[in-house]
Amino acid sequence: MEPKKVGVVGCGTMGAGIAICMLQSGMDTVVCETSAENLENGLNRISAFFEGSVKRGKMTPQQKQERLNLIQETTDLQDLVDCDVIVEAIFEDVRIKNNLFRELNTICNHNTIFVSNTSTLSITSIASGCGRQDRVIGIHFCNPAPLMKLVEISHGLETSDDTYNKAVEFSEYLKKKVVTTKDTPGFILNLLLVPFENDCIRALEQGIATVEDIDLVLKHGLGYPMGTFELLDNVGLDIHYAVSMSLYNELKDKRFAPPPLVKKMIDAGHLGKKTGKGFYEYNKTGMFGAV
Amino acid sequence: MQIQQIGIVGSGHLGTILSQKFQGSGIPAIYVEANEPSPAKMSVLQDCQFIIEVVPEQLSEKIKVLKHIEEIVPSEMPIAITISSLSLAEIASSIRNPERVVGLHFFTQANRDKLVEVIRSLQCSDTPYLQVYELMKKIGQVPVRTKDVPGFLINRLFVPYMNHAIQSYEDELTTKEDLDTAIELGLGYPMGPLKLADVIGLDDYLFTANTLFQELYDTKYAPPSLVNRMVDAGYQGKKTQKGFYEYSSLEEVKE
Ligand SMILES: NC(=O)c1ccc[n+]([C@@H]2O[C@H](COP(=O)([O-])OP(=O)(O)OC[C@H]3O[C@@H](n4cnc5c(N)ncnc54)[C@H](O)[C@@H]3O)[C@@H](O)[C@H]2O)c1
């Protein structure tokens with residue numbers, strides 16, 4: 001399948017990144033948000049990315065314009081009617097995602113595939129009772145989506161083989177490397193990463209080592225590209241807390257539960273780079289440096 | 001502080017590597033074999049500012065050598081002990097001045113040989129600890145400060161991650177190739193966990209995980225049963241040409 005027209009619902013951090021991947025591959029892309037203001041913010045993210053590419057000499061201003069011309073912006077789900085694939089990247093809440101798919105099911109063509117970019121929720125639950133459970137699948141993009149090569153594809157209990165095959169083709173069309181996992185919370189990456197991060201936070205709480213020394217061990221001892229605390233500051237402590245809680249609620253394994261320090265830091269406003277202070281401190285100019 | 005001389009007591013590979021590192025940093029080091037420690041042989045240590053002990057990881061051996069050192073060197077001289085899984089407090093307690101004993105956990109694998117964990121026991125006092133920490137910087141190591149807890153810092157974090165990855169594979173969450181690819185591309189780690197286990201050696205990994213579990217009794221440190229069965233079957237990883245993956249002898253030679 002060569003998808004001609006695709007859609008993204010929710011144009012925040014991930015939705016914008018996924019839309020960029022689609023535009024890079026030359027697909028007509030419908031971008032849907034909840035309000036005109038959110039839509040504008042989302043489109044600004046997309047054009048800022050392409051503007052950066054132009055500045056770095058990776059594309060011409062004309063190529064940038066060609067990509068932006070592929071966007072159809074909307075706040076009306078009706079405009080997604082004839083998409084081949086729709087990726088949702090809305091809030092991480094199973095009820096909200098399920099409602100979206102129920103509504104889209106009444107709008108979209110029979111063949112449209114619904115993709116969820118959830119990090120922690122069950123694809124089966126998101127699809128449950130939406131009316132086309134066989135055409136719902138998970139494709140988990142990594143942040144920042146335009147730069148990260150990997151996607152994790154996971155099929156819900158009712159996802160058909162045909163849908164799986166189309167999702168693989170679609171991902172390859174976006175030039176992504178596919179790994180396939182079962183529909184388990186956190187798939188592979190977050191399943192292994194989140195408890196590891198929490199173990200690092202616990203080691204800090206227990207006074208086994210400092211923030212700097214734990215990051216040094218990971219970079220020099222295990223060759224990781226970034227220390228856990230650098231990574232958490234980039235992700236944001238509030239996001240880490242939400243992801244940990246969501247996984248804990250599904251798995252009931254204490255390794256996933258956010259250690260108390262995370263909640264304390266959130267209460268104190270130490271969310272990471274975006275507030276200028278997390279495990280490390282950031283000066284104002286460097287604050288929004290990372291993607 | 002200008003360092004005149006370091007004394008290295010011990011034998012084997014690590015001792016040789018350390019002597020070279022000191023030599024390379026322009027710090028004179030004398031090397032004393034610990035096989036047959038005698039007061040005559042040990043007397044050269046008197047003029048050193050630091051002693052580093054590199055005796056194999058065996059409690060009785062370490063204590064024996066430490067007691068010999070103690071008889072020769074001044075009571076305030078810092079003594080660094082290389083250690084990988086024993087209790088530092090227990091070793092330090094065997095001499096009269098345990099506050100000057102500092103632990104060092106080195107890594108000999110090529111890509112992480114810069115790292116050294118500098119371990120502080122309950123008894124250790126600030127001055128020798130900081131002196132040993134600074135000494136490691138002087139010879140170009142990346143020292144990290146950690147406490148005398150099972151697994152110190154790195155294995156305490158590494159073992160639960162590895163167990164979890166191996167368990168996920170045993171539970172058929174995905175294929176071994178996809179698991180390793182996800183970690184390499186998604187997290188940017190240099191090697192996926194199953195490939196890495198093969199490189200470390202399943203038997204050595206099993207030993208490390210079991211040691212931690214037997215001290216901490218937290219199941220996150222307990223090795224998955226698949227590791228036990230693989231070792232039972234002789235699948236120890238690269239060194240036996242079969243672990244999670246298979247290796248041709250040709251490949252073995254190439255690396
Ligand atoms: N941030 C990450 O690192 C990351 C990585 C992989 C997956 N995810 C997943 O991607 C999804 C989105 O995460 P994010 O970080 O981009 O969140 P975000 O808050 O940046 O963006 C969510 C966007 O969705 C919009 N939205 C909410 N409900 C909507 C609806 N009903 N219709 C249309 N738009 C709606 C919001 O206005 C918002 O702009 C979540 O499921 C998250 O778990 C996030």
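The values are calculated or read from the model by the stated rules, or taken from the named source; none is laboratory data. Owing to the predicted nature of the structure, the values given are computational and were not obtained by experimental measurement. Cβ coordinates were reconstructed from backbone atoms using ideal geometry, including for glycine residues, and neighbour counts include every protein chain displayed. Note: areas computed on protein heavy atoms with side chains; ligands, DNA, RNA excluded. Shrake-Rupley method; radii C 1.70, N 1.55, O 1.52, S 1.80 Å.
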- Note on the structure: Ignoring ligands and nucleic acids, chains B and A bury, in total, an accessible area (1.4 Å probe) to the nearest 100 Å² of about 3400 Å²
- Query: For chain B, what proportion of DSSP beta bridges, expressed in % and rounded to the nearest 5, is antiparallel?
  - Reply: 20 percent
- Kirkwood Rh, Cα atoms: Rg over Rh of the range A:43-88: 1.08
- Message: For the range B:1-117, compute Rg over Rh where Rg is the Cα radius of gyration and Rh is the Kirkwood radius from the inverse mean 1/r over Cα pairs.
- Response: 0.93
- Relative contact order, percent, of the range B:154-240 when contacts are C-alpha pairs under 8 Å separated by at least 6 residues? 32 percent
- Hey, what's the Kirkwood Rh for the range B:177-219 if you take every pair of different alpha carbons, in angstrom? 11.6 Å
- Task: Let me know the mean shielding of B:140-146 by other chains, meaning the per-residue number of their Cβ atoms within 10 Å of its Cβ.
- Result: 5
- Message: Below 8 Å between Cα atoms, with a sequence gap of 6+, how large is the relative contact order for chain B in percent?
- Response: 11 percent
- Item | Percentage relative contact order, chain A, counting C-alpha pairs under 8 Å, at least six apart | 13 percent
- Mean shadow area (nm²) of the C-alpha convex hull around the range A:1-120 is 7.4 nm²
- Item | Helix-derived mean residue ellipticity, 222 nm - over the protein assembly as shown, DSSP H n ≥ 4, -39500 (n - 2.57), to 500 | -13000 deg cm²/dmol
- Query: Once the other residues with Cβ under 9 Å from the Cβ of B:LEU185 are scored (Lys, Arg +1; Asp, Glu -1), what is the net sum?
  - Reply: +1
- Item | Centre separation in Å (Cα based) which lies between the range A:221-264 and the range B:102-178 | 21 Å
- Message: Just to check I understand the Karplus step: with θ = phi - 60° and J = 6.51 cos²θ - 1.76 cosθ + 1.60, what whole-Hz values come out for the range A:185-201, glycine and proline as x?
- Response: x, x, 6, 9, 4, 5, 4, 8, 6, 4, x, 5, 4, 5, 4, 5, 5
- Output the pairs from A:LYS182/A:LYS254; A:LYS58/B:LYS114; A:LYS264/B:LYS114; B:LYS21/B:LYS238 with a Cα-Cα distance over 27 Å in this structure; if there are none, say none. A:LYS58/B:LYS114; A:LYS264/B:LYS114; B:LYS21/B:LYS238
- Task: May I have the extent of the alpha carbons of the range A:191-290 along their three principal axes, as whole Å values ordered from largest to smallest?
- Result: 40, 31, 23
- Query: What is the packing order of peptides B:225-238, B:23-36, A:132-145, taking the mean over residues of other C-beta atoms within 10 Å and listing the highest first?
  - Reply: A:132-145, B:225-238, B:23-36
- Task: In a Gaussian network model over chain A where Cα atoms closer than 10 Å are linked, find which of A:GLU88, A:GLU152, A:GLU103 has the largest mean-square fluctuation.
- Result: A:GLU103
- With no solvent term and unit scatterers on the alpha-carbon positions of the range B:167-255, Debye gives log₁₀ I(q)/I(0) at q = 0.14, 0.18, 0.20 Å⁻¹ of -0.53, -0.86, -1.03
- Inter-chain shielding of B:161-168 (mean C-beta neighbours from other protein chains, 10 Å cut-off): 3
- By average Cβ neighbour count within 10 Å, what is the ranking of B:5-16, A:114-125, B:54-65, A:20-31 from highest down? A:114-125, A:20-31, B:5-16, B:54-65
- Return the percentage of antiparallel bridges among DSSP beta bridges fully within the protein assembly as shown, rounded to the nearest 5 %. 20 percent
- Item | Alpha-carbon Debye profile of the protein assembly as shown, log10 I(q)/I(0) at 0.12 Å⁻¹ | -1.15
- Item | In degrees, nearest ten, helix A:237-251 long axis to first principal axis of chain A (Cα) | 80 degrees
- Along the range A:150-155, what does the Karplus equation 6.51 cos²θ - 1.76 cosθ + 1.60 (θ = phi - 60°) give for ³J(HN,Hα), rounded to whole Hz, x for Gly and Pro? 8, 10, 9, 9, 9, 9
- If one computes the Cα centroid of the range A:39-78 and of the range B:1-73, what distance in Å separates the two points? 65 Å
- Message: I want to verify a result. In a Gaussian network model of chain A, Cα cutoff 10 Å, which of these has the top mean-square fluctuation: A:PRO225, A:PRO195, A:PRO258?
- Response: A:PRO225
- For residues of B:211-223, the mean tally of beta carbons on other chains within 10 Å: 1
- Helix B:126-138 vs. chain B, principal-axis angle (Cα, 0 to 90°, nearest 10): 70 degrees
- Query: Where does helix B:13-24 land angle-wise versus the long Cα axis of chain B, in degrees 0 to 90, nearest 10?
  - Reply: 60 degrees
- Task: Go from 0 up to the bin containing the longest alpha carbon distance in chain B, width 5 Å each, and give me the % of pairs per bin.
- Result: 1, 6, 12, 15, 16, 14, 11, 10, 8, 5, 2, 0, 0
- Item | Solvent exposure of the protein assembly as shown as accessible area per residue, Å², 1.4 Å probe | 43 Å²
- Nonlocal amide H pairs with A:GLU73, under 5 Å, H built at 1.01 Å: A:VAL31
